[in-house]
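Data block below; observations after.
The values are calculated or read from the model by the stated rules, or taken from the named source; none is laboratory data. A quick note: this is a predicted structure, and the numbers were derived from the prediction, not measured. FYI the Cβ positions are ideal-geometry reconstructions off the backbone, even for glycines, and counts take in every protein chain you see.
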Amino acid sequence: MTPENVPIWISLIGNFGFPIAITVYLFIRFERKIDKLEAVIMELSEVIKSLNYKKGG
């Protein structure tokens with residue numbers, strides 16, 4: 001959360017309530033983490049394929 005986003009968050013909390021604002025915040029955070037995990041899993045898959053190829057499998 002950046003300082004520019006503070007007025008938006010205050011508006012969300014005032015209009016929709018604290019639980020909805022927290023839910024949106026958590027969804028944004030989890031989405032970033034899931035994207036990073038997806039990239040790492042794809043990279044790991046390629047490493048496993050290359051090791052399997054070198055091994056002769």
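Only one of Val40, Val47, Val24 is out of contact with any helix residue (DSSP H, G or I) (no Cβ under 6 Å at 6 or more places or on another chain), surrounded by 11 or more Cβ atoms within 10 Å (Cβ to Cβ) and of a type outside the set (Asp, Glu); which?
Details: Val40 fails: surrounded by 11 or more Cβ atoms within 10 Å (Cβ to Cβ); Val47 fails: surrounded by 11 or more Cβ atoms within 10 Å (Cβ to Cβ).
Among Val40, Val47, Val24, only Val24 is out of contact with any helix residue (DSSP H, G or I) (no Cβ under 6 Å at 6 or more places or on another chain), surrounded by 11 or more Cβ atoms within 10 Å (Cβ to Cβ) and of a type outside the set (Asp, Glu).
Of the conditions (1) assigned to a helix (DSSP H, G or I); (2) modelled with pLDDT under 85; (3) surrounded by 10 or more Cβ atoms within 10 Å (Cβ to Cβ), Met1 satisfies every one except a single condition; which number is it?
So the condition that Met1 fails would be (1).
Being modelled with pLDDT of 95 or more and hydrophobic (A, V, I, L, M, F, W, C): is that true of Met42 here?
Numbers: modelled with pLDDT of 95 or more: yes; hydrophobic (A, V, I, L, M, F, W, C): yes.
It is true that Met42 is modelled with pLDDT of 95 or more and hydrophobic (A, V, I, L, M, F, W, C).
Which numbered condition in (1) exposed (fewer than 10 other Cβ atoms within 10 Å of the Cβ); (2) closer than 16 Å to Asn5 by Cβ; (3) not hydrophobic (A, V, I, L, M, F, W, C) is the only one that Gly56 fails?
(2)
Would you call Asn15 at pLDDT 85 or above, loosely packed, with under 11 Cβ neighbours inside 10 Å and either at negative phi or under 20 Å from the mean Cα position of the chain (by Cα) (or both)?
Taking the combined requirement at face value, the residue does not satisfy it.
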